[in-house]
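See below for the structure under consideration.
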């Protein structure tokens, strides 16, 4: 008997998966057959995806919202598509792209067209990710040029820092005592001490 599955992937812990889940539930995919991974594109160890693959068998059907759910890049998407459709012999439906529905066109021409569309879409998906990264890098560079500072603001030197630093360097107090006197962690005090010394 054919089982129907859905796969959801969001690229970070705080990204919302509701859009993908709603689409799958509208197709009456049972919750027990919906597999979801939440992790970044850099870390592509997808435990839920691997569990789903172990359960799927020939002629099962897999729904995904968009083609880039299958992989991080052009090569990976094509590899997963080939493995799913040719090796495991399951059908895939990409909801955002109705042309990518392997249930239709089982003849040679249908498979050929599907493969061409897939290659184009995979390339477009990877190209868009590259463009987003480039736009982010350019935005950060422009902000830095305007004087925008990123990260946490630096903790200012307390009024007693120079005096406490001198006592610590003269071995009158320990590093821990110096940090406590300045109401800082040992690491913060030491870092600021090195910075002060490098400036002098």
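The values are calculated or read from the model by the stated rules, or taken from the named source; none is laboratory data. This structure is a prediction, so every number in the text was calculated from the model and none was measured. All Cβ positions, even for glycine, are placed from backbone atoms using ideal geometry, and neighbour counts span all protein chains on display.
Do we find that residue 64 is farther than 18 Å from residue 100 by Cβ, at pLDDT 90 or above, assigned by TED's automatic domain parsing to the domain that holds residue 9 and surrounded by 15 or more Cβ atoms within 10 Å (Cβ to Cβ) in this structure?
Values: farther than 18 Å from residue 100 by Cβ: no; at pLDDT 90 or above: yes; assigned by TED's automatic domain parsing to the domain that holds residue 9: yes; surrounded by 15 or more Cβ atoms within 10 Å (Cβ to Cβ): yes.
In short, no.
Each residue in the range 155-200 was checked for being within 40 Å of the chain's Cα centre (by Cα), part of a loop (DSSP other than H, G, I, E, B), on the phi < 0 side of the Ramachandran plot and surrounded by 11 or more Cβ atoms within 10 Å (Cβ to Cβ), and 6 pass. One residue is enough: does the range 95-106 have a residue meeting the conditions touching a strand residue (DSSP E or B) at 6+ places or on another chain (Cβ under 9 Å), at pLDDT 85 or above and within 19 Å of residue 2 (Cβ to Cβ)? Yes, that holds for at least one residue. Of all residues in the range 38-60, those that are modelled with pLDDT under 90 and surrounded by 12 or more Cβ atoms within 10 Å (Cβ to Cβ) total 6. Can residue 115 be described as over 23 Å from the mean Cα position of the chain (by Cα), modelled with pLDDT under 75 and closer than 29 Å to residue 8 by Cβ? When the stated conditions are applied, residue 115 passes them.
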